[in-house]
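Below: the structure, in structure tokens.
Read-outs throughout are calculated quantities, based only on the coordinates presented, and are distinct from any laboratory measurement. Since we're looking at a predicted model, the values are computed, not measured. Here Cβ is always computed from backbone atoms with ideal geometry, including for glycine, and neighbour counts include all displayed protein chains.
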Amino acid sequence: MTDAYIRHDPRTPIALVLDSPHSGEWYPDDFDHLPPREIVRRAEDTHVARLWRDAVEHGATLLEARFPRAYIDANRSLEDIDADLLSDPWPGPVAPSRETAQGIGLVWRLARGGTPMYGRKLTSAEKDIDAITSKAYQVGESMARPGDVLVAVSSSGRSPNIVRALAWAESHGMQTIAMTGFAGGEARTTAGVSIHVDADNYGGARAAVEHLIGLGRKRIAAITGQVDTNVTDVRLRETESCQPRHDHRQWGPGEVPLRRPRFVVPPHTTVTRGSRNP
């Protein structure tokens, strides 16, 4: 696929990249969907890119997907593959999400309303995923500077696009953080700092990693030990208790609290670092 994205560059760029992955209206010739076009188009978040274009005037870079999300959903992991849609094995790692179970993974199996998107099985080589991801890499690589921080999130840690981005960032003087589940994969050892959730199921890993992201703390506890759907809630509550303790008294003008926030690490949690930051 050519011209999969449109990149809108500002005259004076700032450190902000916006993307609109779901507003594409160009339907490739090889998208032989079964339902009528008006049904397939219900998946579009139409006009989002148009609404965001004013941000370019304020220094943001805007990356606009031209293809529709029903063709390839650019807001999915490369591992978010629906095996029921394929006639042959997927060449990379597979970690289906709840969206995949609903028929709306990386490549949609169902159109809106539950109608099958295709009247046949697809081959793993049909979707030009490399063409889709290469433009996004070019944007990131062109804007990255030594000392910048890259945070990569992957439940398995084996997704090729995640590992590639981490390796590139490490080789160009950037700080890297990987948030992974399961065994952590190559991402866990490639990143400078590894935040690993030792979960043996996709749901537990995803929930815990998203929770850690939501905390937004400079120090984050990594959950260790076996995690499954029965104990995930318990572990998440423990992780939440790691956030700093604050005195919430109302302070008057010019007053400064004497007590600094305290970071608490409860049982079953550890703070870990990757190979580059012992």
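Using the Cβ-Cβ distance between Ile14 and Glu44 with R0 set to 25 Å, the FRET efficiency works out to roughly 0.30.
At a Förster radius of 41 Å, what calculated FRET efficiency corresponds to the Cβ-Cβ distance of Ser124 and Glu57, to the nearest 0.05? With R0 = 41 Å, the Cβ-Cβ based efficiency is 0.50.
Modelled label positions at Asp88 and Asn75, each set 7 Å beyond Cα in the direction of Cβ, lie 3.2 nm from each other. The calculated FRET efficiency for the pair Gln102 and Ala167, based on their C-beta separation and a Förster distance of 51 Å, comes to about 0.95. The ranking of Glu64, Glu79 by Cβ neighbour count inside 10 Å, starting from the fewest, reads Glu64, Glu79. Qualifying trypsin sites (Lys or Arg not before Pro) in the range 6-40, where qualification requires a DSSP coil assignment and no more than 13 other C-beta atoms within 10 Å, comprise Arg11.
Label the range 32-177 by shape, choosing from rounded, prolate and oblate, from the square roots a ≥ b ≥ c of the eigenvalues of the Cα gyration tensor; if a/c is under 1.5 it is rounded, and otherwise prolate applies when a/b is larger than b/c, oblate when it is not. Oblate is the answer for the range 32-177, as a/c is 1.5 or above yet b/c matches or exceeds a/b. Each peptide in 177-187, 115-125, 21-31 receives the mean, over its residues, of other Cβ atoms within 10 Å, and ordering these scores from highest gives 177-187, 21-31, 115-125. Listing Val94, Val139 from fewest to most neighbouring C-beta atoms within 10 Å gives Val139, Val94.
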